[in-house]
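Heads up: the structure comes next, in structure tokens.
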Amino acid sequence: MSLQLHTDDRGHRDDLNDTVHDEQVEGAEVGGGLYASGDVKILVLDDDELIGGMIQEALAVRGFEVETVSDTRKVEAVLTRQPYHLIILDYVLPGLETEQVLDWIREHQAEASIIVVTAYPSIDSALNCLRARTFDYLTKPFQISHLQETVTRCLESRGLLRLSKKALREALGSAIRKRRKALGMTLAKMAEKTGISLGYLSQIELGKNSASIETLYQISVGLGLRMSELFQAVQSSW
């Protein structure tokens, strides 16, 4: 016996199409998609080998080249050996003055960003780091995820990390879908409003198809957004 589904009611049919589309989207949500635009070299200066190893492991899984130094007698020599993009510095290194270490970094690693970690936070050390123009100041113990996010923000701000084309399509599709859902608009209604075919819109929201500037303009108008606002929504999802 065959089973037939009657969809004479247009609104019901639109909702059904949208439900199927949304179920497909769930498997295509943005998962980061950042990639390094070149080899990213990170140096970790921490006298605690355990913490240094933990930081190295947390960042190496992101594909970065991470070197750790726990012997404070080797710090200056390591800083003169090769350029690094980022230095993660324990604010208190036994036998060394923090100002001296920061001077070495300024002299030998002028292009490197600095993230300071410390188990002894104070207003004086925070102000000193601010004057040294460090990127961030983290208090131990810190969550590994927080460190990873901070490193990602730092490298992104320098243009060392970028979204892959696939991730960019998915981020854009997700931003469009979220805005459409917030407006209570079905995919079919949006197709009617923008003059873009339902199938093409579906592929854009799924992140499976790139949209031209003209198409993105039509979508932005349909969603009541400026194109700049649409791209800002994409950036905030990274």
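The values are calculated or read from the model by the stated rules, or taken from the named source; none is laboratory data. From a predicted model like this one, the values you see are computed outputs, not experimental measurements. Glycine also receives a Cβ, built like all others from the backbone with ideal geometry; neighbour counts cover every protein chain displayed.
Here is the figure for the range 135-150: residues that are within 30 Å of ALA233 (Cβ to Cβ) and either over 11 Å from the mean Cα position of the chain (by Cα) or not in a helix (DSSP H, G or I) (or both) total 10. The condition of being closer than 15 Å to LYS41 by Cβ, at pLDDT 95 or above and either crowded, with 18+ Cβ neighbours inside 10 Å or not small (Gly, Ala, Ser) (or both) holds for only one of GLN109, GLN100, that being GLN109. Of all residues in the range 151-193, those satisfying the criterion of being outside any helix (DSSP H, G or I), over 17 Å from LEU230 (Cβ atoms) and out of contact with any strand residue (DSSP E or B) (no Cβ under 8 Å at 6 or more places or on another chain) are GLY159, GLY184, THR186. The set of residues from the range 87-97 being crowded, with 21+ Cβ neighbours inside 10 Å and in contact with a Phe, Trp or Tyr (Cβ under 8 Å, 6 or more places away or on another chain) comprises just one member, TYR91. Looking only at the range 121-130, decide whether some residue is within 16 Å of LEU43 (Cα to Cα), in a loop (DSSP other than H, G, I, E, B) and free of Cβ contacts under 8 Å to residues at least 40 places away in the same chain. So far as the range 121-130 goes, no, none of its residues is within 16 Å of LEU43 (Cα to Cα), in a loop (DSSP other than H, G, I, E, B) and free of Cβ contacts under 8 Å to residues at least 40 places away in the same chain.
If you go through the range 40-64 and keep only what is assigned to a loop (DSSP other than H, G, I, E, B), more than 21 Å from the chain's Cα centre (by Cα) and either outside the structural domain of HIS146 (by TED's automatic domain parsing) or buried (at least 19 other Cβ atoms within 10 Å of the Cβ) (or both), you end up with just ASP46. Right, ILE115: touching a strand residue (DSSP E or B) at 6+ places or on another chain (Cβ under 8 Å), of a type outside the set (Asp, Glu) and surrounded by 12 or more Cβ atoms within 10 Å (Cβ to Cβ) or not? The answer is yes for ILE115.
One residue alone among LEU198, LEU225 is touching a residue at least 60 places away in the same chain (Cβ under 8 Å) and not assigned by TED's automatic domain parsing to the domain that holds THR152, and that residue is LEU198.
For the range 194-215, the tally of residues that are part of a helix (DSSP H, G or I) and in contact with a helix residue (DSSP H, G or I) (Cβ under 6 Å, 6 or more places away or on another chain) stands at 6.
The listed residues are ILE204, ILE213, and the only one of them that is more than 23 Å from the chain's Cα centre (by Cα), outside the structural domain of SER157 (by TED's automatic domain parsing) and of a type in the set (Val, Ile, Thr) turns out to be ILE213. May I ask you to list the residues in the range 65-86 that are surrounded by fewer than 21 Cβ atoms within 10 Å (Cβ to Cβ) and touching a residue at least 40 places away in the same chain (Cβ under 8 Å)? Within the range 65-86, GLN82, PRO83 meet the criteria.
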